[in-house]
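Accompanying notes for the structure given below.
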Amino acid sequence: MKYTKSIGLSIAAVLLILVSACETGEKLETADTIISGGNIYTVNKSQPTVEAVAVKDGKILYAGTQDEAEKYRGEATADLDLEGATMTPGLIETHGHFMGMGMSKLNLELQDVQSYDELVERVEDAVAEAEPGEWIIGRGWHQSKWDPAPDPMVKGFQTHDQLSTVSPDNPVWLRHASGHASFANAKAMEIAGVNPLSIESLMEEVEGGEIIRDENGNPTGIFNERAQGIISKHVTISDDPDERERKAFDLAVEESLRNGVTSFHDAGVGGGTIDFYREMKQEGKMGVRLYVMVSGPNRELTAEWLERGPMIDTADHLLTVRSIKLNCDGALGSRGAWLLEEYTDRPGHFGHETLPMDYVEEISVKGLESGFQVCSHAIGDRANQEILDRYEIAFDGNPEGATDHRFRIEHAQHLHPDDIPRFGELGVIPAMQAIHMASDRPWAIDRLGEKRIVEGAYVWKSLLDSGAKVINGSDVPVEPIDPLASFYASVSRKTLKGTPEGGYEPEQKMTREQTLISYTLDAAYGAFEEDIKGSIEPGKLADFTIYDKDIMTIPEAEILDTKVVKTILGGEVVYEANR
């Protein structure tokens, strides 16, 4: 009897364990992969680090201890040994231009050009390989980063004479790194009909832009903001446009994954590009999760989407369209950012309002009504202030629709001190790019002066203290997509050369934890996706970035030497570095 009773108790215990397992889900699901063997940062406050992650069907099944993860092992479960590497949630680029990144790889790349002479040499080499009459197209130059400075300069820019000398038979069109100005040679201006007598009539057709002219009224080749359209509408490409588009897309996917970026907020695209993205998804070629903003200046397209409503991909989470991008001023580098006070290095000039503020208010109101997030480009303090004012009017007029609006200001680069707390108060998300501080701060002080720089430029910490969620990115192809460069800039406030000692305005530094959150969980929040990505928790998408160094603990200077060794999307390794 005693033996029988013992057997009975054992059977009861086993049954109890099985019932408990059924209730908790343990041992009833088998993981496809178990990841362990390194540092795993979850960005989950209740469990900041874990030893292992179990993945099934592209989602996280379990995150916790190694012993508990083993309960999800089956005969077919694979192991991914981190071999001491560091893993975080997949990084999210919150403001870039996806096709622009790809296209920049197909054109003349000028980001590394150190002087005007070097730019001219690049163009001369391109002309030697081109047919007469073929357009030479490029992007990435920045006159404020050149040493020596060009001579002569007109209103802070170089003139076209030297460029035109090496390209007499080929039209040349080179976009500024910011994308807010472009540089044309004489041939390009001839094709577009730009001359001293035509400038006034041409500018009547353009609202929010400038053709830079010398003291004699001659065009210098610089077309600022919306004046760029005067030339760009004449640009032709000899390549097959469909093939070129697909090449650019593939290059953009490749570049994202190589840098550990699993999701990308595409900041303003047209209807044709959205249709192309749909085609890529149908063909199974998406490769990166895209969160797309409709190009707001295209009023017909914007009206169409406002009537249609958002397109939210709840099945595959690969292609969502639920934002409208409004381009409201220019860039600081081209002196197009819209300021409350004149530019320190160009008296009497305040930048450009590139989109009417009544239109910003109209779209903000309609966005709340139709479930669209509004994302407004604003770099100058006046642009930021004007947009916050329009947002607030819309929120006050529709408090129910504004309960979870998540409206954003893209860049929020230079703010009036009075407007900093308004981000937290209004729940407006500053979508900032820390790399812009590293790249621009050495010359931005010439544009704004020390007082405005210190009080309101690149004020990440002050915005966080206001209660706002700061989200991070690169604005690629304005800057390379590399998130580790922005990570370094966020925590150091230094240029990528490591200067100055202690960083610029060090009181505005972000901690490493804040920076990682800005590229993961808060970045997901910026797209209404924090419930499906941005942290390593059961039920979320199995998107991960793996690095060769522990970015949360290594010396600051080593961050820039860190490499992405693997990128995982939906549980699959989609990029692996050559070792």
Failed item in (1) surrounded by 24 or more Cβ atoms within 10 Å (Cβ to Cβ); (2) out of contact with any helix residue (DSSP H, G or I) (no Cβ under 8 Å at 6 or more places or on another chain); (3) outside any helix (DSSP H, G or I), with Ala383 passing the rest: (3)
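Identify all residues within the range 60-104 that are of a type outside the set (Asp, Glu) and either surrounded by fewer than 16 Cβ atoms within 10 Å (Cβ to Cβ) or free of Cβ contacts under 8 Å to residues at least 24 places away in the same chain (or both); write none if there are none. Give the steps one after another, and end with the answer.
Looking only at the range 60-104, we keep the residues that are of a type outside the set (Asp, Glu), and these are 60-66, 69, 71-74, 76-78, 80, 82, 84-92, 94-104.
Of everything in the range 60-104, those that are of a type outside the set (Asp, Glu) and either surrounded by fewer than 16 Cβ atoms within 10 Å (Cβ to Cβ) or free of Cβ contacts under 8 Å to residues at least 24 places away in the same chain (or both) turn out to be Gly64, Thr65, Gln66, Arg73, Gly74, Ala76, Ala78, Gly84.
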Filter result for the condition that a residue is farther than 23 Å from Asn259 by Cα and buried (at least 21 other Cβ atoms within 10 Å of the Cβ), over Val113, Val127, Val123: Val123
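In the range 77-84, is there at least one residue being part of a loop (DSSP other than H, G, I, E, B), of a type in the set (A, V, I, L, M), out of contact with any Leu (no Cβ under 9 Å at 6 or more places or on another chain) and at pLDDT 95 or above?
yes
Kindly provide the set of residues from the range 187-239 that are among the acidic types (Asp, Glu), in a helix (DSSP H, G or I) and buried (at least 21 other Cβ atoms within 10 Å of the Cβ), ordered by number. Reasoning before the result, please.
Within the range 187-239, the first condition is being among the acidic types (Asp, Glu), and the residues that meet it are 190, 200, 204-205, 207, 210, 214-215, 225, 239.
This time we only want the ones that are in a helix (DSSP H, G or I), so: 190, 200, 204.
Matches in the range 187-239: none.
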Subset of the range 104-135 [closer than 22 Å to Pro480 by Cβ, over 22 Å from the mean Cα position of the chain (by Cα) and either modelled with pLDDT under 95 or not in a helix (DSSP H, G or I) (or both)]: Val113, Gln114, Ser115
Any hit, the range 230-252, residues being among the hydroxyl-bearing types (Ser, Thr, Tyr), under 23 Å from Glu530 (Cα atoms) and out of contact with any helix residue (DSSP H, G or I) (no Cβ under 6 Å at 6 or more places or on another chain): no
Test for Leu306: is it over 20 Å from Gly570 (Cβ atoms), buried (at least 16 other Cβ atoms within 10 Å of the Cβ) and modelled with pLDDT of 95 or more: yes
One residue from Lys285, Lys281 being among the basic types (Lys, Arg) and not in a helix (DSSP H, G or I): Lys285
First in the range 550-579 and in a strand (DSSP E or B), second anywhere and crowded, with 21+ Cβ neighbours inside 10 Å and at pLDDT below 95, Cβ under 7 Å, 6 or more apart: none
Those residues of the range 240-293 which are among the small types (Gly, Ala, Ser), in contact (Cβ under 8 Å) with a residue 12 or more places away in the chain and surrounded by fewer than 19 Cβ atoms within 10 Å (Cβ to Cβ), in sequence order: Gly270, Gly271
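The values are calculated or read from the model by the stated rules, or taken from the named source; none is laboratory data. Fair warning: this is a prediction, and the values are worked out from it, not measured in the lab. Note: ideal-geometry Cβ built from the backbone for every residue, glycine included; neighbour counts use all protein chains shown.
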